[in-house]
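Here the structure comes first, spelled out in structure tokens, and everything after it is commentary.
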Amino acid sequence: MKKQLGIAGLAALVVAGTVTVAPAQAVTYGTPTIGLSASYLSGAVGAVGDPVVNVTVGQSGADASALTVSASASSRASVAGTADVSVTGTGAVRQLAVTARGRGYTDLTVKVTGLGGKSATKTLSYAASAAVQNPADARYFSGASDSSAAVDVGGGYTVVADDENNVLRLYDRTHSAAPVRTWDFSSQLGVTKEVDIEGATLVGNTIYWTGSLGNNKDGEYKAPRNTVFTTTVSGSGSATQLAYGRSYKRLRDDLVAWDTANGNRYGFAAGTAAGEAPKQIDGFNVEGLEFAPGSTTTAYLGFRAPLAPAVPGGKALIVPVTNFDKVLSSGTKATFGAGIELDLGGLAIRDIRKNAANQYLILAGSWAADDNSDPYALYQWDGVAGHAPVKRADLPTADPGGWEAVVDVPDLSVAGARVQLITDSGSADLYGDGVDAKDLTHPEWKKARTAWFTLN
């Protein structure tokens, strides 16, 4: 009688009471593999919801769930030590999170240990910025630090512009993370330098964007900054897509000609002259863009400089462009209404935004170039010339960075309404090494802070 049995991978042959056992083949395990979704990661001391890194592991001859992933501090434990790193999940992809202990940089060694005693490692370079006020209300948009304008596109997502390049970035409004997708329309705009995007607003499915229109910080005229353009939105949320529309590159010239013809009340010709820096009380710098109440043709340009008149304690300036739709759709020369002068307590306009009920929020800040320690405030306005704005909130100093953009405007008649703002942190020393965020080598370490504020 013959019978064949399989036991633990061995073949047993039973013949007339005699057992013959074939030698087992040894299992050979390959060297484990490990990959990180990012080699550079930024967090913040005391932060809520800091970003994580996905760790992908594998080993030939082994189930990924049998592999062990660990992480250890390999340099400055004062920033983050071994106990401050956690790895969660099972299978081929794990999630690594870091709780910042202190401001600065450190390297973390991420290790996968496989079967057969084999292992592999990767280095994760980590940077932590300082703690901020109300960390539960703060998130960080990474990939760029000089956020300058934002437009809510629905589904919990916003498109954010950067004034150091022409890249538009789509972010989840509620999470600290890198952008979901990006668009760079430089080639369509015919520019190789930054437009210095500073303002934006959405009408229907069209986003209008404006450059600062001013000189650069050295007082030099740079043509790309004299650009306004449109993009068309399709989809929403994480599926949002942008397509380039049209541009106009003479709005600054039109503004100067209009002011000159009206007695140089605002000093636009002098403010745009060679050698004149834009961020001075009598400079020339646009930072806000929104449409007039109930209008899709007249747009308001909000000025960071000049104040009107250009003396300490002066008023913030808005200039209505009465045919802004045609300026962009057909290249028609801009026409203007009378300037609107608003008392914002000596502050200038850093952003202006309205909701569907024509309730406006004005983000007010200094006209100065280096203003991190200067005050910021939010004012409510009805958009009507001659009507005074009302302060709704004083904002904390935004170090690191300055408050720069309003994402959208809630119903301002509701008690406890909350608004989301974003900083321009390009000139901030995020990590205590004396390097401005805009000059950091790794884009993953560049970031802007976003926070929610309750209106009084």
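The values are calculated or read from the model by the stated rules, or taken from the named source; none is laboratory data. Only a predicted model underlies this, so the values are computations on that prediction, with no experimental measurement involved. Here the Cβ positions follow ideal geometry from the backbone for every residue, glycine too, while neighbour counts run over all protein chains shown. These area figures cover heavy atoms from the full protein model, side chains too; ligands, DNA and RNA do not enter into them. Shrake-Rupley method; radii C 1.70, N 1.55, O 1.52, S 1.80 Å.
Computed values, structure above
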item	result
Estimated FRET transfer efficiency when R0 is 30 angstrom, pair V435-S37 (beta carbons, to 0.05)	0.75
10 Å binning of all Cα-Cα separations within the stretch 184-299, expressed as whole percents from 0 upward	13, 40, 33, 12, 2
Inverse mean reciprocal Cα-Cα distance (Kirkwood Rh) of the stretch 53-122, Å	12.6
Alpha carbon Rg of the chain, scaled by the compact-globule rule 2.2 N^0.38 Å	1.26
For the stretch 209-260 and the stretch 31-77, distance of Cα centres in Å	41
Sorted peptide list for 39-47, 331-339, 376-384, criterion being average Cβ within 10 angstrom, highest first	39-47, 376-384, 331-339
Accessible area (Å², per residue) of the chain, counting only protein heavy atoms and a probe of 1.4 Å	41
Value at 222 nm in deg cm²/dmol, rounded to 500, when DSSP H runs of n ≥ 4 in the chain each add -39,500 (n - 2.57)	-1500 deg cm²/dmol
Cα-based reach from K217 at 18 Å (exclusive), listing lysines while leaving out same-chain residues under 8 positions away	K193, K279, K438
Euclidean distance between Cα centres, the stretch 98-120 to the stretch 170-193, Å	31
Long-range HN-HN contacts of E404 with modeled amide H, under 5 Å	I422, T423, D424
The stretch 52-174 shape via C-alpha gyration tensor axes, a/c threshold 1.5	prolate
Residues of type lysines that K122 reaches as a straight line, Cα spacing below 20 Å, ignoring anything fewer than 8 places off in the same chain	K111
Cα-based helix-to-principal-axis angle, 251-261 vs the chain, degrees rounded to 10	20
Fraction of accessible area attributable to carbon and sulfur, the stretch 50-203 (%, probe 1.4 Å)	47
Total formal charge among the other residues, if their Cβ is under 10 angstrom from that of G211, Lys/Arg +1 and Asp/Glu -1	0
Long-range amide H partners of Y376 with built H, under 5 Å	L395
